Amino acid sequence: MIDWINNAIAGLSAQEQFALFGLLKILVAVFAIVLPLVAYSVVAERRISAWIQDRVGPNRVGIPFTNVRVWGLGQPLADGVKVLLKEDFTPAHVRTAYFWLAPMVAMVPALLTLAVIPFGSVLGAQPMVMADLNVGILYTFGITSLSVYGIVLAGYASNSKYPLLGGIRASAQMISYEIAMGLSVIPVFLLVGDLNLGQVIAYQAGGAWLVFKQPLAFAIFLIAAFAETNRLPFDMAESESELVGGYHTEYSSMKFALFFLGEYAAMVAVSAMMVVLFFGGWTLPVAGLNQPATSLGVGVLQIAVFLAKVIVLMAVFIWVRWMLPRFRYDQLMQLGWKRLVPLALANIVATAAVLFWQSTKS
Amino acid sequence: MHATLFYLFAALALMSGLLVAFNPFSRNPVTRAMFLVLAMIALSGLFVLLHAYFLAAIQVLVYAGAVMVLFLFVIMLMDLRESERRRVGAFAAVLGLAAVSGLGALLFGALRQAPAGTEAAVGSTRDLGRLLFTQHLFPFEIVSVLLLVAMVGVIMLSQREAE
């Protein structure tokens, strides 16, 4: 069987092989890894919030049509059936075209970001990254900057006051924190000397992880990541105590679910980015896991290491949400422009100065 | 494949560009802004076909991701019902056409005189940066000063309004 597959693959041209493996990687990464991860992060959110608030949380749904309750791990299935079967209500006063467009635009960028993330070293001869761009990080920032359109359009399409306020807040907030986020990673690339994400991992495999070399950059990136994914303490666009539900007030059923899933997919994407930039990607400084895999088993293990790191960061996102109160809007803007941006700029200058001093010394 | 993609992106850019200026179906400013975003993304696709990945990413990041979001922000903050109803006068049309043809002539002349693109713009970000700070230092500095002046101007104007 394996011989037959190998022969069939060897018979294809390089371009056909690239197309085939590219498609395979996209299908497996999106449908077998990211979407289940998104579904289970919703369960994790509910269980962790329950623990923090001393409740039980959803623990009933197990394997369908049996009495087996595997700690409520069947919950995503029940949630999925619920959102699909609920009435999809479109209020009469909305701008219909944008009302339909917004949930789609909210979901797509988070999934597109994953294209440049190296989620493992190699499996066989295939590098475990969908598109090995030499401007990887700029691509992710470009795509993330498009994710604001989903929220802004939803606010505009709903044609009522609270969603509009949510949309306006989101556009101002995301632009502000994008600047802090973009500036915070410049020191990382000053150290690495390349914009390619694979090179960032290779640099960290050779020494300490960048979170230890650039703790300030990581702190700024983490704070900006909360704002960019619209998570508490910065969920001003939603802010249910002031704006009902913010930008998705008028949405129901699957359209609402797409916003909801888009938020979690964005969390997966930004966690994956943080793992690559600051936590060494798929490497682990034990048992030779720092080097690209030579066997299939090690390759799979490195993907597992990557996923484990992503899951830890997702847990941090969820944990923070239930521990901190929401910021006020003016506090949010003040933090972004008057604290984070100057700090990030100072970090760039300091890093550049140290690098310059080192280069003159040697 | 390459040619098909080129025609696809070029057609998309031209079509959405036209729909920004004359949209027979809607005079809604948000629709126009969204078509401008689409035009930007199509242009970025053209840059990718030229292997200028850096420019493509910057095109999306700066224009589609930041500038157009600010446009939308302003459109949503101000009630633009008035502009939806407004018709274009003859004077404005003549002036607009003159400006467009002037700019077009300028662009055409510049394109005919320009040497073929250097490999550096296509290559790594490092080469692009080096070129900007050596060969093209003077225009680069002028643009920087221009941006600084614009920034100071914005702060001055908004301060005066606050008082």
Give the stretch A:317-349 a look and list any residue that's out of contact with any helix residue (DSSP H, G or I) (no Cβ under 8 Å at 6 or more places or on another chain) and either open to solvent by less than 60 Å² (accessible area, probe 1.4 Å) or not β-branched (Val, Ile, Thr) (or both), or say none. A:Leu324, A:Pro325, A:Arg328, A:Asp330, A:Gln331, A:Gln334, A:Lys338, A:Arg339, A:Pro342, A:Ala346
Answer yes or no: is there a residue in the stretch A:280-294 that is under 24 Å from the mean Cα position of the chain (by Cα), in a helix (DSSP H, G or I) and among the aliphatic types (A, V, I, L, M). no
Just to check your reading of the model, which residue among B:Leu137, B:Leu111 is closer than 30 Å to A:Leu133 by Cα, modelled with pLDDT of 75 or more, open to solvent by less than 90 Å² (accessible area, probe 1.4 Å) and of a type outside the set (Asp, Glu)? B:Leu137
Those residues of the stretch A:148-157 which are more than 7 Å from chain B (Cβ to nearest Cβ) and in contact with a Gly (Cβ under 8 Å, 6 or more places away or on another chain), in sequence order: A:Gly150, A:Ile151, A:Leu153, A:Ala154, A:Gly155
Quickly run through the stretch A:22-51 and pick out the residues that are more than 19 Å from A:Leu73 (Cβ to Cβ) and in contact with a helix residue (DSSP H, G or I) (Cβ under 9 Å, 6 or more places away or on another chain). A:Ile26, A:Ala29, A:Val30
Checked the stretch A:122-139 for anything open to solvent by 10 Å² or more (accessible area, probe 1.4 Å) and more than 7 Å from chain B (Cβ to nearest Cβ); matches are A:Val122, A:Leu123, A:Gly124, A:Ala125, A:Gln126, A:Pro127, A:Met128, A:Val129, A:Met130, A:Ala131, A:Asp132
List the number of the failed condition for A:Thr96; all other conditions in (1) more than 30 Å from B:Val30 (Cβ to Cβ); (2) of a type in the set (Ser, Thr, Tyr); (3) open to solvent by 70 Å² or more (accessible area, probe 1.4 Å) hold. (1)
Which one is nearest to the chain's Cα centre (by Cα), of the residues in the stretch A:299-311 that are touching a residue at least 24 places away in the same chain (Cβ under 8 Å), over 13 Å from A:Leu37 (Cβ atoms) and open to solvent by less than 60 Å² (accessible area, probe 1.4 Å)? A:Gln302
A:Gly142 vs. criteria small (Gly, Ala, Ser), part of a helix (DSSP H, G or I) and either on the phi < 0 side of the Ramachandran plot or open to solvent by less than 10 Å² (accessible area, probe 1.4 Å) (or both): yes
Being open to solvent by 100 Å² or more (accessible area, probe 1.4 Å) and at pLDDT 75 or above is the filter here, so list the residues in the stretch B:80-93 that pass it. B:Phe91
Specify which of the listed residues (A:Glu238, A:Glu242) is more than 23 Å from A:Phe119 (Cα to Cα) and either in contact with a strand residue (DSSP E or B) (Cβ under 9 Å, 6 or more places away or on another chain) or buried (at least 19 other Cβ atoms within 10 Å of the Cβ) (or both). A:Glu238
If A:Leu165 satisfies all but one of (1) under 16 Å from B:Phe73 (Cβ atoms); (2) of a type in the set (A, V, I, L, M); (3) at the interface with chain B (Cβ under 8 Å from one of its Cβ atoms), what's the number of the condition it fails? (3)
Qualifying positions in the stretch A:174-184 - open to solvent by less than 10 Å² (accessible area, probe 1.4 Å) and either touching a strand residue (DSSP E or B) at 6+ places or on another chain (Cβ under 6 Å) or within 11 Å of chain B (Cβ to nearest Cβ) (or both): A:Met174, A:Ser176
Residue that is modelled with pLDDT of 80 or more, over 13 Å from the mean Cα position of the chain (by Cα) and under 24 Å from A:Val152 (Cα atoms), where the choices are B:Leu72, B:Leu61, B:Leu50: B:Leu72
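The values are calculated or read from the model by the stated rules, or taken from the named source; none is laboratory data. Just so it is clear, the model here is predicted, and its values are computed rather than measured. Please note: Cβ atoms are built from the backbone with ideal geometry, for glycine as well, and neighbour counts cover all protein chains shown. Please note that ligands, DNA and RNA were not included when accessible areas were found on the heavy atoms of the full protein model with its side chains. Shrake-Rupley method; radii C 1.70, N 1.55, O 1.52, S 1.80 Å.
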